[in-house]
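K.L.:
Okay, handing you the structure first.
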Protein chains: 2
Amino acid sequence: MARSSEELDFLRTYDPGSFERPSVAVDVVLLTVRDGAMWTLLYQRTEHPDRGRYALPGGFVGIEESLEDAVARQLKAKAAVEGVFVEQLYTFGAPDRDPRMRIIAAAHYALVPAAVFDGATGLQGRVRVPWEGEVGGPVEVLDGDGDPYPLAFDHADMLGLAVQRIRGKLSYVPIAFELLPASFTLLEARRVYEAIWGRDLNKDSFRKTLLGSGLIEATGERQSGVGHRPAALYRRWEA
Amino acid sequence: MARSSEELDFLRTYDPGSFERPSVAVDVVLLTVRDGAMWTLLYQRTEHPDRGRYALPGGFVGIEESLEDAVARQLKAKAAVEGVFVEQLYTFGAPDRDPRMRIIAAAHYALVPAAVFDGATGLQGRVRVPWEGEVGGPVEVLDGDGDPYPLAFDHADMLGLAVQRIRGKLSYVPIAFELLPASFTLLEARRVYEAIWGRDLNKDSFRKTLLGSGLIEATGERQSGVGHRPAALYRRWEA
DNA sequence: TGTCTTATATGCAAGATGGATATATCTAGT
DNA sequence: ACTAGATATATCCATCTTGCATATAAGACA
């Protein structure tokens, strides 16, 4: 957009003023599906506030850094994960959400295949969703013994909203492929849907619907060494 | 959440540091449906930058103010509208989206019935959506002569994203009622859907679907003085 | 009283969905 | 070599939803 020289003069001499500004952070719900459940990545806080509690990967946004870049930087630094699917979730702005100071957090979610998740650094926790459908609400993250990790700040809300959003989007946006390897069977695809929605799906209807959707195409390959009839492998159909 | 005395000590002596922080603003896409189209409210900018161009209502978020409160304050101050349906849309954080300084904008949308919209202060513009379905992209706002208002900053993107979001949500979240008066006919309801989706709907299917959805109930009243058989009036069904 | 306009009711075809049944094909084990 | 076990794949059918057509109803107005 062309600006007039008068406007450029204004901008050259603009004084932003000294009113108090909030800090802005990003937090990332990194999700995968494995063993019939959703999993996420947490980090135990070593500093106050909420020391000892478990937090999502996140941190402050640089003054010249986009939100997306901040998310990518955090994912790389904390989780050692790069180049994954990320979408903005919601911006949490309650004045008292951090006891230190005003911090506005732009929460995001990232979806990765289980293999990428396994290679990430951090504490893996199984996500337990205590509500059905798209009701929403906080969710718990369970450790290996089935005990919930105490979560820091409003991160239980962020997780819950991420699950709610993904449950809703799954019906009409092909985000399930972000959670699957490059080639997959119909059973694997169905398991992803079942894990996210928390309920079983009709096998044949799922097959018919997905095959008829035009979203996937057969690779021509099949499984091998699976102890039963091998399933055909499919890949995401790229327009 | 109970905090240890040690943690409280930490917070008492916490130094937030002096790193540079962005400004945070809210912008609001105020939408209604009238005369078979979506309308929104704009304000011509009287100051640089983008002086003379047209902007959505919005402004900075107070340091102790929630995002929702900031939106309500802006709507009341700029549009003289209170107590309406508001949801968060998306947070726009590109470093160069405002030439003055780093401003991160949490965009929201508000849905109001036409009668509320008519009572609002500001420039009313008809929204023209140059894409079908949920493709997305910027939209135009037309003045009375059908000429587009030149929009400030990234506000065309905000408008476009609002339309895209509402088109998508309309299918499975009963947000249409926010755009209708307390009691309405099936024709009025259908016009809202048609205006948002930008396409005609089958009259009988719409009737059957909406009546069968359980979302509305008959008031027992009918129209009068409409020059044809009066339609039954319905209201939103409150669980 | 007739005409115009929209509302409302009913029926039907096409398609989507859920579910049952039958058959196919692989591995592991005897 | 054969069998058991497991899952894949194909076909069929009942049900539900949706789009569309047809028929009738009810008010305003000339």
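K.L.:
At 25 °C and a viscosity of 0.890 mPa s, what translational diffusion coefficient does Stokes-Einstein give for the protein assembly as shown, taking Rh as the Kirkwood radius over Cα pairs? Give it in µm²/s as a whole number.
P.N.:
My calculation gives 98 µm²/s for D.
K.L.:
Right, something else. Using modelled backbone amide H atoms (1.01 Å from N, in-plane), which distant-in-sequence or interchain residues come within less than 5 Å of B:Asp143's amide H?
P.N.:
Counting only residues 5 or more places away or on other chains, the set is B:Tyr149.
K.L.:
Quick one: among B:Ile196, B:Ile103, B:Ile63, which has the greatest mean-square fluctuation in a GNM of chain B with alpha-carbon springs under 10 angstrom?
P.N.:
Maximum fluctuation in the GNM of chain B, among the listed residues, is at B:Ile63.
K.L.:
Also, I was wondering about something else. What does the charge dipole of the protein assembly as shown about its Cα centre add up to, to the nearest 20 debye, if the Cβ of each Lys and Arg holds +1 and the Cβ of each Asp and Glu holds -1?
P.N.:
Numbers: 56 positive and 68 negative charges, 315 e Å.
Dipole about the Cα centre, nearest 20: 1520 debye.
K.L.:
Mind checking the mean number of beta-carbon atoms from other chains within 10 Å of the Cβ atoms in A:193-199?
P.N.:
Values: counts 0, 0, 0, 0, 0, 0, 0.
Neighbouring Cβ atoms belonging to other protein chains average 0 per residue here.
K.L.:
Sticking with this structure for a sec: Along the Cα→Cβ direction, 7 angstrom out, place labels at B:Ala239 and B:Tyr43. What is the inter-label distance in nm?
P.N.:
Spacing of the two 7 Å Cα→Cβ label points: 3.7 nm.
K.L.:
Calculate for the protein assembly as shown the 222 nm mean residue ellipticity that helices alone would give, adding -39,500 (n - 2.57) per DSSP H run of length 4 or more and normalising by residue count, nearest 500 deg cm²/dmol.
P.N.:
That comes out to -7000 deg cm²/dmol.
K.L.:
Placing the label point 7 Å from Cα along the Cα-to-Cβ direction, what are the distances from A:Lys76 to the equivalent spots in the other copies, shortest first, in nm to one decimal?
P.N.:
4.5
K.L.:
Would you kindly state how much longer the chain becomes between B:Ala94 and B:Leu201 on full extension, computed as 0.36 nm times their sequence separation minus their alpha carbon distance, in nm to one decimal?
P.N.:
34.7 nm is the gain from fully extending B:Ala94 to B:Leu201.
K.L.:
Can you tell which of B:Phe184, B:Leu31, B:Phe85 lies farthest toward the positive end of the dipole of chain B, using +1 and -1 charges on the Cβ of basic and acidic side chains (Lys, Arg; Asp, Glu)?
P.N.:
Of the candidates, B:Phe184 comes out farthest on the positive side.
K.L.:
Normalised by the empirical 2.2 N^0.38 Å for globular proteins, what value does the Cα Rg of segment A:59-137 take?
P.N.:
Dividing the Cα Rg of segment A:59-137 by 2.2 N^0.38 Å gives 1.27.
K.L.:
Counting only other chains, and only Cβ atoms inside 10 Å, what mean value do you get across the residues of A:50-63?
P.N.:
Whole-number average of other-chain Cβ neighbours for A:50-63 is 2.
K.L.:
Past the 23 angstrom mark, what percentage of all C-alpha to C-alpha distances in segment B:23-170 do you count? Present the calculation step by step, with values, prior to reporting the outcome.
P.N.:
Working: 3204 of 10878 pairs.
Value for segment B:23-170 (Cα pairs over 23 Å): 29 percent.
K.L.:
Place +1 on the Cβ of every Lys and Arg and -1 on the Cβ of every Asp and Glu in chain B, take the dipole about the Cα centre, and give the residue among B:Pro150, B:Gly59, B:Met101 whose Cα lies farthest towards its positive end.
P.N.:
In chain B, that residue is B:Pro150.
K.L.:
When DSSP assigns beta bridges and you keep just the ones with both residues in segment B:23-170, what percent turn out antiparallel, to the nearest 5?
P.N.:
Among the beta bridges of segment B:23-170, antiparallel pairing accounts for roughly 70 percent.
K.L.:
Let me ask something else about it. Hey, for A:Ser205 with labels 7 Å out along Cα-Cβ, what do the inter-copy distances come to in nm, ordered shortest first?
P.N.:
2.0
K.L.:
Across peptide A:91-104, what mean number of C-beta atoms from other chains lies inside 10 Å of a residue's C-beta?
P.N.:
Whole-number average of other-chain Cβ neighbours for A:91-104 is 6.
K.L.:
Same structure again: Starting at the first residue of segment A:83-99, write each ³J(HN,Hα) from the Karplus equation 6.51 cos²θ - 1.76 cosθ + 1.60 with θ = phi - 60°, in whole Hz, x for Gly and Pro.
P.N.:
x, 9, 6, 9, 9, 6, 9, 5, 10, 9, x, 4, x, 9, 6, 10, x
K.L.:
Continuing with the same structure: Along Cα→Cβ at 7 Å, what distances in nm separate the A:Glu6 label point from those on the other copies, shortest first?
P.N.:
When each copy's label point is compared with this one, the spacings are 6.3 nm.
K.L.:
Can you tell me the relative contact order of chain A? Whole percent, Cα pairs under 8 Å, sequence separation 6 or more.
P.N.:
Numbers: 393 pairs, mean separation 43.6, N = 239.
For chain A, the relative contact order is 18 percent.
K.L.:
Taking every DSSP beta bridge with both residues inside the protein assembly as shown, roughly what % is antiparallel (nearest 5)?
P.N.:
The antiparallel fraction comes to roughly 75 percent.
K.L.:
If the elastic network links every pair of Cα atoms under 10 Å, which of A:Glu221, A:Glu134, A:Glu87 fluctuates the most in the Gaussian network model of chain A?
P.N.:
A:Glu221
Values quoted throughout were computed directly from the atomic coordinates according to the rules given, and no laboratory measurement underlies them. Everything numeric in this text was worked out from a predicted model, so none of it was measured. Cβ atoms come from the backbone with ideal geometry, glycine included; neighbour counts cover every protein chain shown.
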